Amino acid sequence: MAAAAGSRDVEFIRARSDKRQYRRVVLPNALEILLISDPDTDKAAACMEVEVGSFSDPEGLEGLAHFLEHMLFYASEKYPGEHEYTKYITEHGGSYNAYTSSETTNFYFDVNVDNFEEALDRFAQFFIRPLMSQDAVLREIKAVDSEHKKNLLSDGWRMYQLQKHLASKDHPYHKFSTGSWETLETKPKERGLDIRHELLKFYENYSANLMHLVVYGKESLDCIQGLVDRLFSDIKNTDRISFKCPSHPLSEEHLQLLVKALPIEEGDYLRLIWPIIPSIQFYKEGPCHYLSHLIGHEGEGSIFHIIKELGWAMNLMAGESTNSTEYSFFSVSMRLTDAGHEHMEDIVGWIFKYLFLLKEDGVHEWIFNELVAINETEFHYQDKIDPISYVTGTVSSMRLFPPEEWLVGSALPSKYVPQRIMMILDQLSPERVRIFWESKKFEGCTTSAEPWYNTSYSVENVTPSVIQQWIQKAPTEKLHLPEPNMFIPKDFALKEVTEKVTFPKVLRKTPLSRLWYKPDLLFSTPKVHIIIDFHCPLSSHSPEAYVSTDLFVDLLVDYLNAYAYDAQIAGLYYSIYLTSDGFQVSLGGYNDKMRVLLNAILKQIANFEVKPNRFSALKETTVKDYQNFNFRQPHSQASFYVSLILEDKKWPVAEKLEALAKLESDSLAKFLPNLLSKTFLECYIQGNIEPSEAKSIAQEIEDTIFNTPNTMFKSMSPSQYLTKRVIMLENELKCHYQIEGLNQKNENSSVIQYIQVHQDDASSNIKLQLFSLIASQPAFNQLRTVEQLGYITSLSLRSDYGVWALQVLIQSTVKVQVQN
């Protein structure tokens with residue numbers, strides 16, 4: 001075995017809770033590798049990042065990099081059987097995928113630890129001697145084209161391409177990157193090009209010196225190093241130079257624009273985008289992190305809090321987005337209500353008012369230090385994630401940061417340099433802004449169409465003097481900086497638990513609630529998780545009840561947003577969402593301030609009242625969300641119809657829309673006492689918490705919900721406790737449900753074959769999972785590769801309330817026929 005060209009001990013900056021071992025290795029062919037040894041893992045994983053992406057596509061061959069990514073999965077000289085890699089991975093408990101971005105292409109997989117060496121050998125052949133046979137080329141062009149057609153009616157893809165279209169034509173950012181039948185078959189043939197020859201020529205860019213590899217295994221570092229040295233040393237190093245962007249993709253003509261675009265789905269969206277210097281160049285100073293924290297804040301005095309209270313917006317996000325070290329964008333985006341659409345100019349005026357406030361007020365060191373404290377806590381007490389997520393998240397750091405910072409990347413900015421923050425803030429000016437405004441209200445008012453997705457749009461100039469007018473006429477509501485964050489944890493002590501509880505156990509039971517408890521005996525982190533299931537059997541007995549409960553839950557989240565936003569920043573997360581028989585409150589994070597947040601949520605629930613202005617805004621948004629069911633991918637719609645057939649409390653979207661149209665704030669207020677008059681609480685507490693405190697929390701939950709003055713909550717008798725059920729399909733009975741696609745513009749169809757097997761049973765579950773494991777890859781290969789039915793095909797398991805089934809899914813532009 002040849003010795004590695006270089007491996008040196010690197011003092012990696014790592015989380016205090018991280019017990020894994022790491023080593024940097026450079027092979028003789030210049031391939032740089034990060035080795036990770038984790039004796040506790042049951043899965044091994046690897047990820048290769050190649051510094052060749054869609055920006056490297058040759059002129060007139062749009063999507064070639066993405067096409068190559070697809071082709072490398074087929075076969076190699078060493079493993080010539082088609083899809084031998086994917087078959088081996090799937091049959092040994094693993095998963096695989098890849099993606100092509102602007103400047104890189106990433107390939108990754110995980111597999112059972114006992115099968116890692118063989119899986120890694122098959123993976124390595126991607127980069128050594130792939131076959132890329134002629135017959136596979138045509139089939140995979142069809143798969144790429146099917147993937148593109150899937151995206152044609154996706155507003156996310158459409159708006160992203162529109163932003164790229166309105167950029168310098170000589171910059172690769174302007175390009176179309178996915179590829180299609182037109183770009184990879186029709187046009188190359190017209191030019192007399194052999195696409196396989198072009199593919200092989202493009203593959204020559206895959207040089208070892210442009211690759212970074214992360215390998216995560218159970219064995220020792222020495223063992224893993226021997227493995228990668230043997231398997232990856234044959235990758236050729238042709239000393240290629242990595243792609244460098246030619247400056248920024250936006251020139252002056254692409255700034256000071258107002259772009260009105262016509263979306264597919266219901267809903268109005270507003271995005272302000274500025275070109276900025278990438279903050280990766282100043283990652284230890286974190287200027288964009290500071291600014292996005294303030295501009296995207298949702299507490300009192302923030303941009304969002306004010307426009308939300310006026311009923312103009314439903315959310316707001318702010319931050320930097322980039323795939324490059326050479327250029328970047330800072331954006332502020334939000335979903336508007338109909339009223340917000342009418343006040344677009346006021347909203348833009350407010351955003352610039354707030355930016356001017358930040359300039360006038362200067363940079364505050366206490367805010368920077370608060371963010372430093374939050375980041376350090378989050379980094380050092382991070383949860384251990386699965387190996388495949390860890391390797392894909394770490395590999396990009398190898399290209400961007402020195403080895404000792406590979407594990408931390410830009411997560412710990414610590415240098416307070418106010419001038420750098422002001423430099424980025426100065427770039428967020430009226431002179432440099434691009435405003436993208438999406439609404440179906442622009443139907444018939446657009447003048448142009450983006451060529452790849454045919455998105456209708458029009459462009460107007462919006463000068464600094466115009467924006468100054470918007471600033472002056474915006475209402476005078478008080479904008480101010482946030483207060484210090486009271487939720488930042490300080491107590492990280494680990495609780496002592498004498499009883500070693502292996503499985504959750506019932507710690508407390510009353511006629512009102514039941515408490516399940518399990519202490520953390522594995523991770524040793526100062527975190528706790530609390531789940532409260534509110535079982536309300538009247539929540540979904542009719543479409544009217546369903547939509548009323550849905551609005552009740554949305555209003556709860558809406559009311560809590562300003563107060564609980566600081567908690568989320570500080571690492572305390574919560575969610576409230578609808579369930580099949582009520583609603584669920586879920587909290588997780590550092591246990592230090594958990595009870596403060598829990599108490600606020602419980603009081604909001606117990607003292608709930610309907611605010612007509614917020615009801616109107618949320619009802620409007622909910623109506624549009626229901627209407628957007630029509631624009632979902634056909635396979636998603638088909639999956640919903642399966643649930644509709646199986647479940648006895650599932651309602652068609654059309655019926656929910658009809659019920660929602662009639663729902664008013666006063667009728668919701670009248671419904672709630674009826675909904676909550678029969679309630680039982682199922683509580684789950686797990687983590688860094690002692691049994692006595694868990695009992696105390698359960699008692700507090702009970703007291704607040706059931707004993708608060710004027711509470712609407714009442715207990716229910718055990719006989720009213722509902723068991724979740726699905727319809728049993730009899731033997732020899734074949735059900736056939738056929739419905740026309742709801743979006744006539746979508747040329748895809750979908751079919752699902754659902755085969756009900758059994759109710760929950762450990763032995764039967766294992767047998768069914770084993771069958772699925774064996775059959776899923778051959779089914780995928782037959783449906784997608786051999787029969788060329790489409791990009792989305794699968795054989796998978798499905799569980800509906802413990803009833804297991806096998807499901808075969810196809811989405812295709814080819815006519816789908818169902819035989820009885």
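The values are calculated or read from the model by the stated rules, or taken from the named source; none is laboratory data. Keep in mind the model is a prediction, meaning the values are calculated, not measured. Reconstructed Cβ throughout: ideal geometry from the backbone, glycine too, with neighbour counts over all protein chains shown. What goes into the accessible areas is simple: the full protein's heavy atoms, side chains included, and nothing from ligands, DNA or RNA. Shrake-Rupley method; radii C 1.70, N 1.55, O 1.52, S 1.80 Å.
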Segments classed as helices (runs of 4 or more DSSP H), wholly inside segment 103-181, with at least 1 members that are at pLDDT below 95 and crowded, with 19+ Cβ neighbours inside 10 Å: 134-151
Number of positions in segment 743-778 that are open to solvent by 70 Å² or more (accessible area, probe 1.4 Å), touching a strand residue (DSSP E or B) at 6+ places or on another chain (Cβ under 8 Å) and of a type in the set (Gly, Ala, Ser): 0
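Yes or no, residue by residue, for (1) open to solvent by less than 20 Å² (accessible area, probe 1.4 Å); (2) not hydrophobic (A, V, I, L, M, F, W, C):
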{"site": "Tyr626", "(1), (2)": "no, yes"}
{"site": "Asp648", "(1), (2)": "no, yes"}
{"site": "Glu655", "(1), (2)": "no, yes"}
{"site": "Ala661", "(1), (2)": "no, no"}
{"site": "Ala669", "(1), (2)": "no, no"}
{"site": "Leu681", "(1), (2)": "yes, no"}
Hey, Ser458 within 28 Å of the chain's Cα centre (by Cα), of a type in the set (Ser, Thr, Tyr) and either at pLDDT 95 or above or in a helix (DSSP H, G or I) (or both) or not: no
Selection within segment 430-445 - surrounded by fewer than 17 Cβ atoms within 10 Å (Cβ to Cβ) and either over 26 Å from the mean Cα position of the chain (by Cα) or not in a helix (DSSP H, G or I) (or both): Glu431, Lys441, Glu443, Gly444, Cys445
Pairs, first in contact (Cβ under 8 Å) with a residue 24 or more places away in the chain in segment 773-788, second loosely packed, with under 15 Cβ neighbours inside 10 Å and of a type in the set (S, T, N, Q), C-beta under 7 Å, six or more apart: Ser776/Ser796
Close pairs from segment 402-419: first closer than 13 Å to Ser279 by Cα, partner among the aromatic types (Phe, Trp, Tyr) and surrounded by fewer than 18 Cβ atoms within 10 Å (Cβ to Cβ), Cβ under 6 Å, at least 6 apart: Gly409/Phe401
Tally, over segment 492-513, of residues that are closer than 25 Å to Ser17 by Cα and open to solvent by less than 80 Å² (accessible area, probe 1.4 Å): 6
Selection status of Lys619, of a type in the set (Lys, Arg) and closer than 23 Å to Ala661 by Cβ: yes
Tally, over segment 197-218, of residues that are in contact (Cβ under 8 Å) with a residue 40 or more places away in the chain and more than 19 Å from Met48 (Cβ to Cβ): 3
Members of segment 605-620 that are within 29 Å of the chain's Cα centre (by Cα) and surrounded by fewer than 19 Cβ atoms within 10 Å (Cβ to Cβ): Arg614, Ser616, Glu620
Filter result for the condition that a residue is closer than 26 Å to Pro418 by Cβ, part of a loop (DSSP other than H, G, I, E, B) and touching a strand residue (DSSP E or B) at 6+ places or on another chain (Cβ under 9 Å), over His289, His297: His297
Identity of the residue in segment 308-342, modelled with pLDDT of 95 or more and of a type in the set (Val, Ile, Thr), that ends up surrounded by the fewest Cβ atoms within 10 Å (Cβ to Cβ): Thr337
Among the candidates Ser448, Ser410, residue that is open to solvent by 60 Å² or more (accessible area, probe 1.4 Å), over 23 Å from Ala313 (Cβ atoms) and either of a type outside the set (Asp, Glu) or under 29 Å from the mean Cα position of the chain (by Cα) (or both): Ser410
Residue list for segment 775-787, filter: within 29 Å of the chain's Cα centre (by Cα) and not aromatic (Phe, Trp, Tyr): Ala775, Ser776, Gln777, Pro778, Ala779, Asn781, Leu783, Arg784, Thr785
Test: residue in segment 750-770 that is part of a loop (DSSP other than H, G, I, E, B), closer than 21 Å to Phe629 by Cβ and of a type in the set (Asp, Glu): no
Top-ranked residue in segment 454-491 [being of a type in the set (A, V, I, L, M, F, W, C) and within 17 Å of Leu572 (Cα to Cα); ranked as most open to solvent (accessible area, probe 1.4 Å)]: Met486
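If you scan segment 74-97, which residues turn out to be among the aromatic types (Phe, Trp, Tyr) and free of Cβ contacts under 8 Å to residues at least 40 places away in the same chain? Walk me through it before giving the result.
Within segment 74-97, the first condition is being among the aromatic types (Phe, Trp, Tyr), and the residues that meet it are 74, 79, 85, 88, 96.
Correct list: Tyr88, Tyr96.
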Unique residue being at pLDDT 95 or above and either under 24 Å from Ile295 (Cα atoms) or of a type in the set (A, V, I, L, M) (or both) when the list is Leu538, Leu598: Leu598
Helices (runs of 4 or more DSSP H) fully within segment 590-677 counting 3 or more residues that are under 19 Å from Asn743 (Cα atoms): 612-627, 634-646, 653-662
